[in-house]
Amino acid sequence: MVKEFKMSQERYDELKKELEYSKTTRADEIAELIKEARGFGDLSENSEYDEAKNEQGKLYSRIAELEEILLHAVIVDDSEADSDKISIGCRVTVTNLDNNKMLPEYKIVGSQEADVMSRAVSEDSPFGKALMGARVGDEVNVEAPRGVIRYRVEKIER
């Protein structure tokens, strides 16, 4: 079974742009570094050459990863989603029922858009999976390393 990568159109466009940059500008920059490093002489003891070749390997890996993601990308149109259920693109506020604390708002996103620092939670994460499809007032259980944590959905925004 092929993994689908759910994402917004905006994220898809960003990845496409990164792929194009990687295949053209960045590949040319690395090729130039390799060419320069070859000019330093003996390749067996040439750290600049080794470093440039390592960069090239990383770039080729990233290009392959981006191509795979874009090939299996599924653009999520949040306007088609059920408006009272949590889905990708929703902003969600929950209360931790174990300590009665309301958490700051989270955004539910596809796995390629997850970013802990900006409170963007992947629908593939344990927290995201528990929230998907829930409605305001629903209680959800999240499996965590320290045990099950209970939350109540307080607010859903599109």
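In segment 1-8 there is at least one residue that is touching a His at 6+ places or on another chain (Cβ under 9 Å), in contact (Cβ under 8 Å) with a residue 40 or more places away in the chain, under 26 Å from S118 (Cβ atoms) and charged (D, E, K, R). Read through the list (1) open to solvent by 40 Å² or more (accessible area, probe 1.4 Å); (2) more than 30 Å from E32 (Cα to Cα); (3) free of Cβ contacts under 8 Å to residues at least 24 places away in the same chain, then give the number of the only condition that E139 fails. Unmet for E139, out of (1) open to solvent by 40 Å² or more (accessible area, probe 1.4 Å); (2) more than 30 Å from E32 (Cα to Cα); (3) free of Cβ contacts under 8 Å to residues at least 24 places away in the same chain: (3). Do we have A27 as surrounded by 14 or more Cβ atoms within 10 Å (Cβ to Cβ), small (G, A, S), more than 18 Å from G133 (Cα to Cα) and touching a residue at least 40 places away in the same chain (Cβ under 8 Å) here? Judged against the criteria, A27 is not a match.
If you go through segment 56-67 and keep only what is of a type outside the set (A, V, I, L, M) and either in contact with a Lys or Arg (Cβ under 9 Å, 6 or more places away or on another chain) or touching a residue at least 40 places away in the same chain (Cβ under 8 Å) (or both), you end up with R62, E67.
Exactly one residue out of Y106, Y60, Y21 is closer than 21 Å to K6 by Cβ, open to solvent by 30 Å² or more (accessible area, probe 1.4 Å) and under 27 Å from the mean Cα position of the chain (by Cα): that is Y106. E48 falls short on exactly one of the conditions (1) in a helix (DSSP H, G or I); (2) free of Cβ contacts under 8 Å to residues at least 24 places away in the same chain; (3) under 30 Å from D13 (Cβ atoms), and that condition is (3).
The residues listed here are L97, L15; of these, the one that is in contact (Cβ under 8 Å) with a residue 12 or more places away in the chain and within 22 Å of the chain's Cα centre (by Cα) is L15.
The values are calculated or read from the model by the stated rules, or taken from the named source; none is laboratory data. Only a predicted model underlies this, so the values are computations on that prediction, with no experimental measurement involved. Ideal geometry is used to build each Cβ from the backbone, glycine not excepted, and the neighbour counts take in all protein chains shown. For the accessible areas, the whole protein counts, side chains as well, though only heavy atoms, and no ligand, DNA or RNA atoms are used. Shrake-Rupley method; radii C 1.70, N 1.55, O 1.52, S 1.80 Å.
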